Amino acid sequence: MRRFVLIGQTASASGDFSLENLPSSSGRLDALLRALRAALLVSHAVRTNACVYLVLRGGPKAPRVLRVDGARVKFLRPDERSLALLIKKTLDAAPPALSELTELRPGVDLRDGDLAELLSELADAPSYVLEEGGADVRTAALPEDAWFFLGDHQGFDAASRELLAARGAATLSVGPRSLHAEDVVTLLNNELDRRSPAPR
Ligand SMILES: C[S@@+](CC[C@H](N)C(=O)[O-])C[C@H]1O[C@@H](n2cnc3c(N)ncnc32)[C@H](O)[C@@H]1O
């Protein structure tokens, strides 16, 4: 299972955003949703070997971690509006306190907490911080069970960097230019696909 963790510095942790004006009303959740699509969807299918974690740090209910598991999720559509609606309904349906990842819709889980809480529950697994200047993805060993950590439009904050460094995460680059997170995810998935054609 490939795991992509997208850190949304301002992305809304509650459903209080407008589908009509997603970028400005949701703290740029739209950018995370495009990366989620790139992580989980191929043409006419869901990647059952991929899982996405959104670290939502915006708004009064933050921080929360939302997981979409390609092996369990149902009716995942590729357009941003449908994805936003799925996330909105999940966040709206959340009980007041969730101390562990809890399935609220098929394949969509939510918990209270931030990156630190998520990391504290991870078994030892190869972890990579994605950023330009890291080791070249073309030559790096890339296990299929890797965890990939990406920033949003604001990149990584110092505290997240420290947590990931303490976990021993290596830095990995898909190329010399600073790309949008969704494009980085596409390149990573493609690199993994080329190495081990996986079940879709
Ligand atoms: C839009 S970029 C962040 C730009 C932000 N202004 C910054 O300075 O970090 C979103 C995320 O994509 C990833 N990223 C962007 N370019 C990359 C590259 N060439 N290789 C690996 N990851 C990259 C990083 O995780 C980054 O935080």
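The values are calculated or read from the model by the stated rules, or taken from the named source; none is laboratory data. Owing to the predicted nature of the structure, the values given are computational and were not obtained by experimental measurement. Please note: Cβ atoms are built from the backbone with ideal geometry, for glycine as well, and neighbour counts cover all protein chains shown.
What the table below lists for this structure:
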{"item": "So Leu163, is it out of contact with any Pro (no Cβ under 6 Å at 6 or more places or on another chain), more than 6 Å from the ligand (Cβ to nearest atom), under 19 Å from Tyr53 (Cα atoms) and among the aliphatic types (A, V, I, L, M)", "result": "yes"}
{"item": "Long-range neighbours under 6 Å by Cβ, at least six apart or interchain, first residue under 18 Å from Thr186 (Cβ atoms) within the stretch 116-139, second within 13 Å of the ligand (Cβ to nearest atom) and among the acidic types (Asp, Glu)", "result": "Val137/Glu191"}
{"item": "Filtered residues of the stretch 148-160 (kept if within 13 Å of the ligand (Cβ to nearest atom) and on the phi < 0 side of the Ramachandran plot)", "result": "Phe148, Phe149, Leu150, Gly151, Asp152, His153, Gln154, Phe156, Asp157, Ala158, Ser160"}
{"item": "Residue within the stretch 131-154 that is assigned to a helix (DSSP H, G or I) and closer than 23 Å to Leu33 by Cβ present", "result": "no"}
{"item": "Candidates Ser99, Ser82 - the one that is in a helix (DSSP H, G or I) and of a type in the set (Ser, Thr, Tyr)", "result": "Ser82"}
{"item": "Residue satisfying all of: in the stretch 120-147; of a type in the set (A, V, I, L, M, F, W, C) and under 26 Å from Leu76 (Cα atoms); nearest to the ligand (Cβ to nearest atom) among these", "result": "Leu130"}
{"item": "Where a residue in the stretch 166-184 is on the phi > 0 side of the Ramachandran plot and its partner, wherever it lies, is near the ligand (Cβ under 6 Å from one of its atoms) and among the charged types (D, E, K, R), with Cβ under 9 Å and at least six apart", "result": "Gly175/Glu132"}
{"item": "Residues of the stretch 1-30 that turn out to be part of a helix (DSSP H, G or I) and either among the hydroxyl-bearing types (Ser, Thr, Tyr) or crowded, with 24+ Cβ neighbours inside 10 Å (or both), as a count", "result": "3"}
{"item": "Selected residue [closer than 15 Å to Ala39 by Cβ, within 9 Å of the ligand (Cβ to nearest atom) and assigned to a loop (DSSP other than H, G, I, E, B)] from Leu179, Leu187", "result": "Leu179"}
{"item": "Enumeration of residues in the stretch 72-109 that are out of contact with any strand residue (DSSP E or B) (no Cβ under 8 Å at 6 or more places or on another chain) and buried (at least 17 other Cβ atoms within 10 Å of the Cβ)", "result": "Glu80, Leu83, Ala84, Lys88, Arg105"}
{"item": "Boolean, Leu172 is at pLDDT 95 or above, assigned to a helix (DSSP H, G or I) and over 26 Å from Ala13 (Cα atoms)", "result": "no"}
{"item": "Subset of the stretch 150-200 (residues that are charged (D, E, K, R), surrounded by fewer than 19 Cβ atoms within 10 Å (Cβ to Cβ) and in contact with a strand residue (DSSP E or B) (Cβ under 8 Å, 6 or more places away or on another chain))", "result": "Asp157, Arg161, Arg167, Arg177, Arg200"}
